[in-house]
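The structure under discussion appears below in the form of structure tokens.
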Amino acid sequence: MPHKVISLISVGRHPQSGRSRRADQDSRAVELGLKLAGTGLDVVHAGNSEEPVLRQYAGMGLPKVTVLEQAESADALPALSNYLKAEKADIVLTGVRSESGESSGMTPYLLAEQLGWPIVARVADIVEIKDGEAQVLLALPRGQRRQVTVKLPFIASIDNAAQAARQSAYGPGLRAKMAAQTGSTEEDNVRVNWSEAPAKARPKRLKVVKAKTAADRFKAATAKPQGGSGKVMKNESAQEKAQAIFDLLIEEKVIR
Amino acid sequence: MSDIIRRDPRAEWIMRNRLHPLHEQYASQEEGGEVRGPSGLIRKFPHKVGFIGPNGIKRIDRLKGNATAPKGKRSAAAQEVQLPLHKVDSPDYYIMVVADMVGGRLTGHDKDILGLAHKLIAEQGGNGAVVAVCFGEVKEEHFDTAGVDRVLHIEGEAFEGYAPEARVQALAKVEAQYTVKHWLFPDSIHGGCDLASRLAARLGERPATQAWQVNAEQTVSRGASASLDITRQTPKILMLLEECADAIDETRHEATPMSLDDVSVAAATIKDKGLMAVDPNAIPMAEAEFILSAGNGIHNWDQFHEAAQVLGATEGASRVAVDDGFMPRSRQVGATGTWVTARVYVAVGISGAIQHMQGIGQVDKVVAINTDAGCDMVKRAALSVIGDSEEILAELMKLVAEHKQTSLSDQAEENSNAA
Amino acid sequence: MVIDWLPSILIVVLLLLGVIGMLRRASLWRAGQPEKVNIIAGLMAMPGRYLKDLHHVVERDKYMSKTHVATGGGFVLSMVLVLVVHVFKVQQQIVAWALLGALLLMLVGAFFVFKRRLNPPERLSKGPWMRLPKSLITFAVTFIVLTLPAAGILPEGTGGIALIMVLSIGVIIGLGELLFGMGWGGPMKHAFAGALHLAFHRRPERFGGGRSTGLKPVDLTSAVIGVAKPSDFKWNQLLGFDACVQCGKCQAMCPAFAAGQPLNPKKLIQDMVVGLAGGTDANYAGSPYPGKEVGQAKGNPNEIITAGLVSQETLWSCTTCRACVEECPMMIEHVDAIVDMRRFLTMEKGETPNKGSEVLENIIATDNPGGYAPGSRTNWAADQNLPVMKDKKEVDVLFWVSDGAFDMRSQRILRAFVKLMKAANVDVAILGDEERDSGDVARRLGDDATFQSLAKRNLATLGQYKFNKIVTTDPHAYHCLRNEYADFDKDGALAGVEVLHHTTFLNQLVQSGALKLDAFKGGKVTYHDPCYLGRYNGEYEAPRDLLRSLGIEIAEMERSGFRSRCCGGGGGAPITDIPGERRIADMRMEDASATGAELVAVGCQQCTAMLEGVVEPRPQVKDISEILVDQLIEEVH
Ligand SMILES: Cc1cc2nc3c(=O)[nH]c(=O)nc-3n(C[C@H](O)[C@H](O)[C@H](O)COP(=O)(O)OP(=O)(O)OC[C@H]3O[C@@H](n4cnc5c(N)ncnc54)[C@H](O)[C@@H]3O)c2cc1C
Ligand code: SF4
Ligand code: SF4
């Protein structure tokens, strides 16, 4: 029996232009969904079915996108959890964090809590599904991977290390069907009390030297700032040059 | 270093002046009480012969240091100042800091958060204590100077390795057993964020994520891919960005152990099958943290591959190296290849054409090995060595091989100590 | 008696079979999509187009042009007269003599064709094409002998039945090739298809010395966008493919072919012919796509082209340099066809290779291919004191900066140009952050939706302001603005506006004395014609004039002017980056080095990037504006 795989998608935000786009992790979730379920994949969005970004997702070769029609300010959770329950999903794929809005990354956790399903976070790949259990690779920093198994049904949040999403094609995206259902009307009341402003640049932490002696203070004041051009070694012996590189590699902890 | 003998008049002056605050430090640097006199001759320095023993009596070591630990280390320890102890007796509430403890030790990120926890207590008032909650193996020896009033080490096989389900159950029990004012987690990829989200969902609390400016009342956190600052009331659960506060460095803390009464957990649905062994060359280049990259200036390709292996680096290449068929296309770095994010990128025989540079824009430290001191790669590099790549790689491999030898024996020693 | 009639009967039968074949062929073209053409006007214009435009191209090869005039002209004339003399039996000796004359002319031509085929250059197809001169000669000789009695040179009935039998075989061979083969897909098909292709060409503007290089917009509402199957081409495109004579002139000029990338424009056109007629390429007797075997491709009008007929890499190897189109004597439009098929791959399949999809996604989200913040577009000009249109509203010259604004190397070109304009006191402004990518790359990569959206938005911006000229340093943007935006310019934002490349504009300034320049004192200089400036827009002289005005004697490369070899930077080729045996840019740099030049002058930031990407040692590369600015005599006020 093929497994019922559902990918949840949201409206992303381009980091440079701030324009709407298909979110990077969400589209990777769609990509993984396509790998697992082919065209049997159900792609679900809670929001506005007129949203042009949905067509960008659909351009990945989705004949239809299910839209739980609701206002932007409404809470997506109840609609989604009802839908997942009704559809008897086996695997639900989401991004780790959305690119717009609060970006808390709580959606998959709250869904998991409500449905009583396990959640695996930062998934790089789902290798195999066998006997009601999935073999999952979790992404760790710097290309490291952890292997876990998890019982179906479960929720997985997809990391940037997962297979990149295929190109979105204009034609199929344009022609895909937006299957709208009614979503929830519950407003997000907590958020009303928040204030939002464009992000302020965070000051880089200066190396505060709590100088104990005049010499230390002097050193701190005259120390070469980070950046600027680097050190060039020309006339030293090859051995010394190698030593300098070696020291840097040790200092950066890439050699242990 | 030149071997011309130079005098250091200041050092000599300090050495002569026993009342100078730095006298001890300078005096202890001198090996065996020998000083180079103004004429370059070796002189005995009588005040320096011997050292002050633990009970304050001067001793002369006739074994010339062979019987004791190396001198440098001990004097450094002697120099360490005792920081004032910050004590919390029967606290009214706790701030729980669930540390990442990568490799069993507090990370810099953890320490920032411990600092923040103290800041919150200072602002909130009351008798609060900062608790470091940790799971699994703990190697940290300096909880006291990192600002940890209490250590809650939750042990048990169920919590070892990757066990977020067990851990969140334990945290929920902590919540039940203790008066917890705040839960602070590092918003990190080392598990902090995952655990925090699980706990928040379990407790039904709305957490603040990517928080970076926190006080007792208000929290500013990032939203919408870090393009938005959201200001709100400080919630119970916080996931904090790095540098959200300064680490503790002027006080010592008790770090008294605490315990959790009930550590039983339900069977896990997620089973850890362990870390996968990764060959540096199998790591997607975009994720690799250490890349050794080859260009047109490589003439000995066998040596290059060997060097990458010895260094444990992921291999990269310029387009010319790829075009000439020495490296596969998937290894190409640059505009038409991969954009890498390595922490260290060693460019061997790569001139630094603009198209190549585009690919290494996000690299932290570039090291250039090149015969041409004027090339663009040298301008970009944090460290450049000018010379023939073959020669320098050979030397570098030697150094690394030696290092591995010693660190292997170190490890062996550590293991036997543990046994 | 019947035997006497045999040749005449054979002529009529073969003629009829030939006509049936042609009708069948025409029905194959009609499988294509409808496209409006003016049939009467086209047919009327056809002889002129043949004599003037086609021969203008053939003329580049004098030998072949004379040969073709003799053979082709001789054949057409003799065929008409053959009907008159041998079918309608007109008994006037003068006509027979005329026929003899025409046949002799053809025989001479056929002899030269034969000579060329003795040791044919690699670009020519072999196979059936090798027997063509023999068939031509057979035809001519047969009818000469057959006409001798009618001309009164030989008595009637000479040679008896035996000769008639021999001549009948000659008629079958000759007319079999020339009439039957014309209709049924032999080499002579080119004459019939070629003639109709000239009449119904999709770009009639090309004739009479005109130029038509802008791509045609695609209908974004159609059921399938772009060309998936041969039958998705317009019918007259299919007709055009059939006109190919496999002369391989395109192949000889194609930079991708020379670099060993899997593209050969001739083979591509022949594969299109296979596609429209159905079958395999087993009979193809020319050079293959480099690295690909001949005989594997098969297709038919209703099969997806990239599923067996042509591989995707072939389509993505093209730099859209138009060298093939420029060179094709049959005026076939290779680039249109390639981009049409790319449109399907990008807009329907989402299979733009390599960095293609990333670049397109960037363009969509940020209006520039690099994915930079749109708000940083004008950062390069922070110290340039350039007014922006938003403040000026009205200006003489609008400087279209293009995406070079984000690239450090190109910024040097931009700054040089700005300095020159300032020195000449030009009333100039830029759009600043309101400017967007011109859409060139998106369009060549087959994403016409994005191109159209950019074009419309750019036009809307331009429409708000008044200016007399648009000048740009980027020939690709120049081409879009000048040749491709008109299709979307409903409100006439560019109506009456002169679109100029900076070399043209600078040349005007120099000629009018607004710019004072010192003589150039460096070494030897050569000039590389950017495809989108030269072949696309016909500007070969202004850059050369400018160099000459510095006292530079240009050391021309072997391939220059309309035959200039591409730098490899067009058509999104550096983005799709299909591997070959060599780099196109390396070959171009070799061309430049061969002149002994120390400096390559170019007029395009993309060419600069490509040529500077060649490993040193090599000549220096500079945009003309950079060379000029070094020689600028600045007046101290
Ligand atoms: C559109 C386009 C896209 C491109 N994309 C890419 C891309 O994605 N990635 C890329 O890398 N390039 C790309 N290029 C090519 C780029 O422009 C350069 O040609 C290429 O990066 C040069 O490679 P290199 O530095 O290895 O070779 P070179 O430029 O030949 O440099 C070799 C270097 O090695 C040094 N050297 C020589 N011998 C020794 C020795 N014995 N020991 C130490 N050093 C020595 C030399 O001093 C020199 O600096 C692109 C070019 C174009 C036009
Ligand atoms: S446009 Fe240029 S690259 Fe493309 S097929 Fe023609 S000659 Fe070749
Ligand atoms: S396409 Fe044109 S140039 Fe190429 S072989 Fe055919 S006729 Fe010749």
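Highlighted here are the helices (runs of 4 or more DSSP H) found entirely within region C:331-424 that include at least 2 residues which are away from chain A (no Cβ under 14 Å) and over 29 Å from the mean Cα position of the chain (by Cα): C:389-392, C:408-423.
Each row is one residue, and each column tells you yes or no for (1) within 16 Å of ligand 3 (Cβ to nearest atom); (2) farther than 21 Å from B:GLY295 by Cα; (3) assigned to a strand (DSSP E or B).
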position	(1), (2), (3)
C:GLY596	no, yes, no
C:VAL600	no, yes, yes
C:GLN606	no, yes, no
C:ARG618	no, no, no
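Against the definition (more than 14 Å from the chain's Cα centre (by Cα), outside the structural domain of C:PRO530 (by TED's automatic domain parsing) and crowded, with 24+ Cβ neighbours inside 10 Å), how does C:LEU276 come out, yes or no? Here the answer is yes, as C:LEU276 does meet what is asked. Within region B:232-260, the set of residues being under 21 Å from B:SER197 (Cβ atoms) and either within 11 Å of another protein chain (Cβ to nearest Cβ) or of a type in the set (Ser, Thr, Tyr) (or both) comprises B:ARG232, B:GLN233, B:THR234, B:PRO235, B:ILE237, B:MET239, B:LEU241, B:GLU242, B:CYS244.
Among residues of region B:261-298 being more than 30 Å from B:GLN309 (Cβ to Cβ) and among the hydroxyl-bearing types (Ser, Thr, Tyr), the one that is farthest from the other protein chains (Cβ to nearest Cβ) is B:SER264. Does at least one position in region A:165-172 carry a residue that is over 23 Å from A:ARG22 (Cα atoms) and at the interface with another protein chain (Cβ under 7 Å from one of its Cβ atoms)? No. Would you mind stating whether C:VAL108 is β-branched (Val, Ile, Thr) and free of Cβ contacts under 8 Å to residues at least 24 places away in the same chain? So C:VAL108 does not fit the description; no. B:PRO186 falls short on exactly one of the conditions (1) at pLDDT 90 or above; (2) within 20 Å of B:THR256 (Cα to Cα), and that condition is (2). Find the residue count for region C:247-258, including only residues that are more than 9 Å from ligand 2 (Cβ to nearest atom) and either crowded, with 24+ Cβ neighbours inside 10 Å or within 14 Å of chain B (Cβ to nearest Cβ) (or both). So the answer is 2. Checking C:GLU556, C:GLU616, C:GLU581 one by one, the residue that is within 16 Å of ligand 1 (Cβ to nearest atom) and either under 30 Å from C:LYS516 (Cα atoms) or surrounded by fewer than 24 Cβ atoms within 10 Å (Cβ to Cβ) (or both) is C:GLU616 and no other. Being of a type in the set (S, T, N, Q) and assigned to a strand (DSSP E or B) is a property that holds for A:GLN147. Can you spot a residue in region C:456-466 that is in a strand (DSSP E or B) and more than 29 Å from C:GLY350 (Cβ to Cβ)? Yes, because at least one residue in region C:456-466 is in a strand (DSSP E or B) and more than 29 Å from C:GLY350 (Cβ to Cβ).
Has region C:311-323 got any residue that is away from ligand 2 (no atom under 16 Å from the Cβ) and either assigned by TED's automatic domain parsing to the domain that holds C:GLY572 or β-branched (Val, Ile, Thr) (or both)? Checking region C:311-323: not a single residue is away from ligand 2 (no atom under 16 Å from the Cβ) and either assigned by TED's automatic domain parsing to the domain that holds C:GLY572 or β-branched (Val, Ile, Thr) (or both). For region C:457-465, check the following and say yes or no: at least one residue is in contact (Cβ under 8 Å) with a residue 40 or more places away in the chain, of a type in the set (Phe, Trp, Tyr) and within 15 Å of C:HIS502 (Cβ to Cβ). So far as region C:457-465 goes, no, none of its residues is in contact (Cβ under 8 Å) with a residue 40 or more places away in the chain, of a type in the set (Phe, Trp, Tyr) and within 15 Å of C:HIS502 (Cβ to Cβ). For region B:134-162, which positions are touching a helix residue (DSSP H, G or I) at 6+ places or on another chain (Cβ under 9 Å), over 23 Å from B:ILE95 (Cβ atoms) and buried (at least 17 other Cβ atoms within 10 Å of the Cβ)? Answer for region B:134-162, where residues must be touching a helix residue (DSSP H, G or I) at 6+ places or on another chain (Cβ under 9 Å), over 23 Å from B:ILE95 (Cβ atoms) and buried (at least 17 other Cβ atoms within 10 Å of the Cβ): just B:ALA158. Out of B:THR256, B:THR179, one residue alone is touching a residue at least 24 places away in the same chain (Cβ under 8 Å), of a type in the set (Ser, Thr, Tyr) and under 24 Å from B:GLU141 (Cα atoms). It is B:THR256. Residues being crowded, with 19+ Cβ neighbours inside 10 Å, within 19 Å of the chain's Cα centre (by Cα) and β-branched (Val, Ile, Thr) are entirely absent from region A:64-72. Out of all the residues in region C:351-360, which are crowded, with 21+ Cβ neighbours inside 10 Å and either under 20 Å from B:SER227 (Cα atoms) or out of contact with any helix residue (DSSP H, G or I) (no Cβ under 7 Å at 6 or more places or on another chain) (or both)? Listed by number, the list holds a single entry, C:SER357. Applying the criterion of being in contact with a Ser or Thr (Cβ under 6 Å, 6 or more places away or on another chain) and not small (Gly, Ala, Ser) to the residues of region A:83-105, the residue that is nearest to A:ALA37 (Cα to Cα) is A:LEU93.
Just so you know, in region C:311-370 the residues that are of a type in the set (Asp, Glu) and within 15 Å of ligand 3 (Cβ to nearest atom) include one that is farthest from C:TYR63 (Cα to Cα), and it is C:ASP336. A:ILE126 - would you say it is more than 10 Å from chain B (Cβ to nearest Cβ), under 25 Å from B:LEU228 (Cβ atoms) and buried (at least 18 other Cβ atoms within 10 Å of the Cβ)? The answer is no for A:ILE126. When C:GLY240, C:GLY214, C:GLY291 are checked against the criterion of being more than 25 Å from C:HIS476 (Cβ to Cβ), within 16 Å of ligand 2 (Cβ to nearest atom) and buried (at least 17 other Cβ atoms within 10 Å of the Cβ), a single residue qualifies: C:GLY240.
The residue list C:ALA228, C:ALA195, C:ALA223 contains one member that is free of Cβ contacts under 8 Å to residues at least 60 places away in the same chain and of a type in the set (A, V, I, L, M), which is C:ALA223. For region C:410-421, does any single residue satisfy the condition of being polar (S, T, N, Q), within 22 Å of C:VAL629 (Cα to Cα) and buried (at least 16 other Cβ atoms within 10 Å of the Cβ)? Checking region C:410-421: at least one residue is polar (S, T, N, Q), within 22 Å of C:VAL629 (Cα to Cα) and buried (at least 16 other Cβ atoms within 10 Å of the Cβ).
Among the residues of region C:240-257, is any in the same structural domain as C:VAL325 (by TED's automatic domain parsing), away from ligand 3 (no atom under 16 Å from the Cβ) and hydrophobic (A, V, I, L, M, F, W, C)? There is no residue in region C:240-257 that is in the same structural domain as C:VAL325 (by TED's automatic domain parsing), away from ligand 3 (no atom under 16 Å from the Cβ) and hydrophobic (A, V, I, L, M, F, W, C).
Here C:TYR540 passes the criteria (1) crowded, with 19+ Cβ neighbours inside 10 Å; (2) more than 14 Å from chain B (Cβ to nearest Cβ) except the one numbered (1). Counting only helices (runs of 4 or more DSSP H) wholly contained in region C:112-200, the ones carrying 2 or more residues that are outside the structural domain of C:ILE94 (by TED's automatic domain parsing) and surrounded by 15 or more Cβ atoms within 10 Å (Cβ to Cβ) occupy C:189-199. C:PHE467 falls short of the stated requirement of being crowded, with 23+ Cβ neighbours inside 10 Å, at pLDDT 95 or above and within 30 Å of C:GLN631 (Cβ to Cβ).
The values are calculated or read from the model by the stated rules, or taken from the named source; none is laboratory data. Bear in mind the structure is a predicted one, so any value in this text is a computation, not a measurement. Note: ideal-geometry Cβ built from the backbone for every residue, glycine included; neighbour counts use all protein chains shown.
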